[in-house]
Protein chains: 2
Amino acid sequence: MATERVDNLAGERRKAEFDVEAMKIVWAGSKHDLDVSDRIARLVASDPVFGKDTRTTLDRKELFKNTLRKVAHAWKQINELRLTEEEASRLRFYIDQPAYVDLHWGMFLPAIKGQGTEEQQAKWLPLAYKMQIIGCYAQTELGHGSNVQGLETTATFDPQTDEFIIHSPTLTSSKWWPGGLGKVSTHAVVYARLIVDGKDYGVNGFIVQLRSLDDHSPLPGITVGDIGMKFGNGAYNSMDNGVLTFDNVRIPRDQMLMRVAKVTREGKYVPSDVPRQILYGTMVYVRQGIVSDASIALSRAVTIATRYSAVRRQFGSQNGGPETKVIDYKTQQSRLFPLLATAYAYRFVSEWLSSLYTDVTQRLQANDFSVLPEAHACTAGLKSLTTSITADGIEECRKLCGGHGYLCSSGLPELFAVYVPTCTYEGDNVVLQLQTVAQLGSGEPLVGTTAYMGRAEHLLQCKSSVQNPEDWLNPDVVLEAFESRAFRMSVDCAKNLAKFSKPKEGFSELSADLVEAAIAHCQLIVVSKFIDKLKQDIPGAGVKQQLEILCSIYALHLLHKHAGEFLSTGSLTSKQVALANDILRSLYSKLRPNAIALVDSFNYTDHFLGSVLGRYDGNVYPKLYEEAWKDPLNETVVPEGYHEFVRPILKQHLRMARL
Amino acid sequence: MATERVDNLAGERRKAEFDVEAMKIVWAGSKHDLDVSDRIARLVASDPVFGKDTRTTLDRKELFKNTLRKVAHAWKQINELRLTEEEASRLRFYIDQPAYVDLHWGMFLPAIKGQGTEEQQAKWLPLAYKMQIIGCYAQTELGHGSNVQGLETTATFDPQTDEFIIHSPTLTSSKWWPGGLGKVSTHAVVYARLIVDGKDYGVNGFIVQLRSLDDHSPLPGITVGDIGMKFGNGAYNSMDNGVLTFDNVRIPRDQMLMRVAKVTREGKYVPSDVPRQILYGTMVYVRQGIVSDASIALSRAVTIATRYSAVRRQFGSQNGGPETKVIDYKTQQSRLFPLLATAYAYRFVSEWLSSLYTDVTQRLQANDFSVLPEAHACTAGLKSLTTSITADGIEECRKLCGGHGYLCSSGLPELFAVYVPTCTYEGDNVVLQLQTVAQLGSGEPLVGTTAYMGRAEHLLQCKSSVQNPEDWLNPDVVLEAFESRAFRMSVDCAKNLAKFSKPKEGFSELSADLVEAAIAHCQLIVVSKFIDKLKQDIPGAGVKQQLEILCSIYALHLLHKHAGEFLSTGSLTSKQVALANDILRSLYSKLRPNAIALVDSFNYTDHFLGSVLGRYDGNVYPKLYEEAWKDPLNETVVPEGYHEFVRPILKQHLRMARL
């Protein structure tokens, strides 16, 4: 390329007080993870088929076709380069465009693995692995989202023919939202009420073929299509979220997923010895992935906002000199740096959740189901917390980029529009927090994340020892404050609940308070896992010091934001809250010279960021200017429609015009 | 139309405990305002040219052309129906699609009126009123936003030819963002540094012709185009926000706007006797309009979320009966009802701001500039507060609609994407709050909104008398708590500022705290204006009672949200905060039966709402289903790209395929 080499951020990079390469390994999880990610990210970035430049100007059909092309090209690459499963998954990730394959690999296959018998797995998985069939996950319906038990689609056993009849009895029972369903999938795992001999056995999964493998037309009795445009320019419009209705569609009996229960040839419903809770294992897996994605989405937005804040100058010019970089303003720092710290915090809590999942899986294999409820509640709560904060955080980063953040070329509108559904799918965030609460109050044996509740007496009485701002740098002090606040909020809720004669009524009436208590509990988990991380051996000059600063910023900005809860529970005094705020300001100053290096440590390519404002080289203005001219409106000097609709106004000829 | 008449919300409407027609008048401002709005809204809704159905699927060029068509049709209607200025403005408003005319009427004309001399007004205004010229407002530059004094474009007087030479000396001086500039405007008010005889007199406005009135081509020396795609599907992509550079473009001397200062034929710079502050008058006007728009945008989102919440059912089914309406959940109420109350609160504070503007204008005409700084600070702060909360509130309403809120047919993605730039334009919200603070601390005579600060001693010592939940229903009690909190936060800031030897350094270091104090002050203004409104005579059965409930919810939800500030300043005790929360819950129950009627009172047509979820008749599911099939992807059963990119995967023929 003939472009000049610029690095407008070189000065910023020289200020770093730590080993960026070592931090990259910490962020990636290991040297191996960093190497794989780095190699695959560059592979994607260098391939013109995976370019994202036109994404926001394509109309729906072009965008969708372009996505099909990327998926096919990726599959070709995966096969030709003989990529491992890990590499293939990274490749799909760095392509960074929602597509039907996400559901094929992320939901269809795991559903068969988790809920199919060994024979069923042997039959269906090879076809799916080779993509000789393409599948999706058809659970939600037009009238039914989070409440799976409310689904209306029926699967009625017909003993005459040894088949299930899949049927949509109402409009609201239409399957609605499944990704990949609208135009591509040949098969689906369909969730339907199992009816045998007139008895309703609740919701179960069924493998249903939707489209002909010859000509891709929908099979008889199946009506299927796309549900229409979604938020954002490109965003999820590259995905064919679909609508599907069944008019008495028959499938063989052996396409019911039968790991947990089966229906025999004679029409007998027989539960297996695999407990239903096994299904929670899949939810724990999916949700820990969502927490990990939260840290990635937030860190992308933070990278863009941080780099641009070190380029953009505004006000503060003295004697005609340059204006001040906006990153040097305390107002900018107090909004941006907590988000940077949050990205790191979520990264580490997701690392922990991933190890928790491994633990749960091992225990399940040994028929130990004891930790499942807590793991389930805790991933639910963390999914809810991290996705809500990340969605808001991306939008905050957009605002931190001022007007230019509103341009698609900033990458932030896309990032936001792609991200926000995460707050709703896989369990609405508020519903999930209530599940967390239910677990908190369940009186189950206290292990792991709720262990602090075993120290009830201490936590109800303890007084924070903080007397000076620096006292807040002690992790034990921070942890105790968060434990005390979370515990006392739970106790207050319990006291208030006890005033109701019917527990259910109390739970309903106080649900907003319960959600706040659950959030306090989840924030405590994130803080404590960050502190745990710092107890590990972390190599690299200055790396641990930076992480300590980030950990303090994460905890103390939460303390400031939720000061009301720390104060009203008597966990802290006003003075102590004010001291936390003082030290927070000085931590921002400490972080400032490292800000660019800390976002460089995420190791994102310019392709993945997809943002003119977040370019590695900080060469923002010339590129913004260049991008503008690519808009279709600039293809002609005089716009289409001028002669018909503008000139008649200017020339006062409008009365004669036909519009 | 042959469609069946349904009203799924009729039952909800019957529950209302107040006179909805009377409330409509309160919301509209007067019977006259209601009548005009109602008539024009229906006119727009019934005209197929103004349909919005295809908005989110059109590509950029089609969307833009469609917008030009709507504008031309509107102008034709305005002339043919001989609409008054008020009616014409309402018509443009209800068309609900950003277009170049917004800037022509909203910025270009007011700039000439406010900054032009009488002769200049006589020359240019008639042309602009008849739209024989179309103008925009070219202030911001690629490198310069909020800091007007940092603009780089120059206007150098050439005494030889009696002209100004308008020039863009750098890339960053390119005009960037002005709406209507990119493809349509023939003229612009351009802000540039006035240079006379080598001396820089700062930024001034100039009328510059951009395009030929013959063939619409840019005049020599002018490079102009569109800046590209922005956030959202339709949204502001219907507007030609533009980029503009000048290569030594000459304009006659009399095209400098000379109300405040002029340059004579001899090249002498002569300030007039009109003080510069007069320009603040325009800002007060524009910003009070923005506060009014905030109440409208928020109330639209709330209408959609409220109606849909009364249709959508989830969980809570007993004995096979229907599930519970989501509006009946306390978690839903505690997120939705405060936003409903906020919409009303912003409506009344904008009403007050509008009267403040009238007052300011009258005083300015009498050469009384005394209230201008406070009016300026107060509109700046309220602009910032109301737009931030509204943007977040629209997104919250989208989330309250669950998954379906993510569909464009919900109307909420569009509403959000169109709304968010308001947080940035006309003054970045954080910058504005700092201006408010600067005014608070300026020691100017205390009148109007800052009058409470005159009761310093009382506000520093007072203890709230609240002992029972019901005590919080007393407006005086609420007001005192808000005054005490705002005042004590200001005092705390002042104390902390005093610790710095250089005030400027302290201001910078503590700016995040100052912003919080400014927000507390602005919230107090909104609360107090709502309370003032309730002191007026408000006709209509039950209307005042509903407004009292809304006022309490508005104030008490803020109190809950910012409990940390009420507690840490010692304005309230933990017990009092908890009591506020108790009464808040019971207020939600009181509001519940009136929720639908309270959003009906906004009197929005289905056309204006543009939302399947927010339909007046609540007929959500059949219409969602119907809308889906209109997506371009559903034009064919087998999608474009299937044969090229999907079939080769399924048939394992990918190696041979050329992608």
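Just a few scattered comments:
- The set of residues in region A:163-222 that are closer than 14 Å to residue A:100 by Cβ and more than 30 Å from the chain's Cα centre (by Cα) comprises A:211, A:216.
- You will find that of A:411, A:448, the residue that is surrounded by 16 or more Cβ atoms within 10 Å (Cβ to Cβ), touching a residue at least 24 places away in the same chain (Cβ under 8 Å) and either within 26 Å of residue B:574 (Cβ to Cβ) or in the same structural domain as residue A:303 (by the TED database) (or both) is A:411 and no other.
- Residue within region A:127-136 that is under 18 Å from residue A:243 (Cβ atoms), of a type outside the set (Val, Ile, Thr) and either assigned to a helix (DSSP H, G or I) or touching a residue at least 12 places away in the same chain (Cβ under 8 Å) (or both) present: yes
- When residues of region B:497-517 are limited to those that are hydrophobic (A, V, I, L, M, F, W, C), within 11 Å of chain A (Cβ to nearest Cβ) and in a helix (DSSP H, G or I), the one surrounded by the most Cβ atoms within 10 Å (Cβ to Cβ): B:514
- Flag if residue A:69 is outside the structural domain of residue A:184 (by the TED database) and not in a helix (DSSP H, G or I): no
- Whichever residue in region A:298-324 is farther than 17 Å from residue A:403 by Cα and in contact (Cβ under 8 Å) with a residue 24 or more places away in the chain and, among such residues, is farthest from the chain's Cα centre (by Cα): A:303
- Hits in region B:316-353 - residues which are small (Gly, Ala, Ser) and modelled with pLDDT of 95 or more: B:334, B:341, B:343, B:345, B:350
- Qualifying residue in region A:615-636 (condition: more than 26 Å from residue A:308 (Cα to Cα) and among the charged types (D, E, K, R)): yes
- Strands (runs of 3 or more DSSP E) contained entirely in region A:209-290, each with at least 1 residues that are surrounded by fewer than 16 Cβ atoms within 10 Å (Cβ to Cβ) and within 14 Å of another protein chain (Cβ to nearest Cβ): A:222-226
- Per-region count, region B:330-377, residues more than 14 Å from chain A (Cβ to nearest Cβ), open to solvent by 20 Å² or more (accessible area, probe 1.4 Å), small (Gly, Ala, Ser) and in contact (Cβ under 8 Å) with a residue 12 or more places away in the chain: 2
- Among residues that are open to solvent by 10 Å² or more (accessible area, probe 1.4 Å), over 20 Å from residue B:340 (Cα atoms) and free of Cβ contacts under 8 Å to residues at least 40 places away in the same chain, residue B:403 is included.
- Answer residue from region A:43-56, given it is open to solvent by 40 Å² or more (accessible area, probe 1.4 Å) and touching a helix residue (DSSP H, G or I) at 6+ places or on another chain (Cβ under 9 Å) and is farthest from residue A:631 (Cα to Cα) among those: A:43
- Boolean, residue B:627 is more than 27 Å from residue A:174 (Cα to Cα), open to solvent by 20 Å² or more (accessible area, probe 1.4 Å) and in a helix (DSSP H, G or I): no
- Inclusion of residue A:78 among residues that are in contact (Cβ under 8 Å) with a residue 24 or more places away in the chain and buried (at least 17 other Cβ atoms within 10 Å of the Cβ) is not warranted.
- Pick from region B:151-160, criterion outside any strand (DSSP E or B) and open to solvent by 20 Å² or more (accessible area, probe 1.4 Å), ranking: farthest from the other protein chains (Cβ to nearest Cβ): B:160
- Residue count for region B:16-41, restricted to those that are polar (S, T, N, Q) and either touching a residue at least 24 places away in the same chain (Cβ under 8 Å) or within 18 Å of residue B:545 (Cα to Cα) (or both): 1.
- Residue match in region A:168-182 (condition: within 14 Å of chain B (Cβ to nearest Cβ), closer than 23 Å to residue A:106 by Cβ, surrounded by fewer than 19 Cβ atoms within 10 Å (Cβ to Cβ) and out of contact with any Phe, Trp or Tyr (no Cβ under 6 Å at 6 or more places or on another chain)): no
- Of all residues in region B:84-94, those satisfying the criterion of being more than 17 Å from residue B:46 (Cα to Cα) and in contact (Cβ under 8 Å) with a residue 12 or more places away in the chain are B:86, B:89.
- So residue B:466, is it more than 14 Å from chain A (Cβ to nearest Cβ), open to solvent by less than 30 Å² (accessible area, probe 1.4 Å) and modelled with pLDDT of 85 or more: yes
- Residues of region A:454-470 that turn out to be more than 16 Å from residue A:527 (Cβ to Cβ) and outside any loop (DSSP other than H, G, I, E, B), as a count: 9
- Of residues in region B:183-201 being farther than 22 Å from residue A:633 by Cβ and within 13 Å of another protein chain (Cβ to nearest Cβ), the one least open to solvent (accessible area, probe 1.4 Å): B:193
- The sole residue among B:604, B:616 that is open to solvent by 10 Å² or more (accessible area, probe 1.4 Å), within 18 Å of residue B:298 (Cβ to Cβ) and out of contact with any strand residue (DSSP E or B) (no Cβ under 6 Å at 6 or more places or on another chain) is B:604.
- Residue under evaluation residue B:63, criteria (1) farther than 20 Å from residue B:592 by Cα; (2) loosely packed, with under 12 Cβ neighbours inside 10 Å; (3) not basic (Lys, Arg), criterion not met: (2)
- Cβ-Cβ distances below 6 Å connect the following pairs, each with a first residue in region B:459-471 that is more than 7 Å from residue B:579 (Cβ to Cβ), a second residue that is crowded, with 18+ Cβ neighbours inside 10 Å, and a separation of six or more residues or different chains: B:459/B:483; B:459/B:484; B:459/B:487; B:462/B:484; B:464/B:481; B:464/B:572; B:464/B:576.
The values are calculated or read from the model by the stated rules, or taken from the named source; none is laboratory data. The shown structure was predicted, so the numbers you read here are calculated from the model rather than taken from an experiment. As a convention, Cβ positions derive from the backbone with ideal geometry for all residues, glycine included, and neighbour counts pool all protein chains shown. Ligands, DNA and RNA are excluded from the accessible area calculation, which covers all protein heavy atoms including side chains. Shrake-Rupley method; radii C 1.70, N 1.55, O 1.52, S 1.80 Å.
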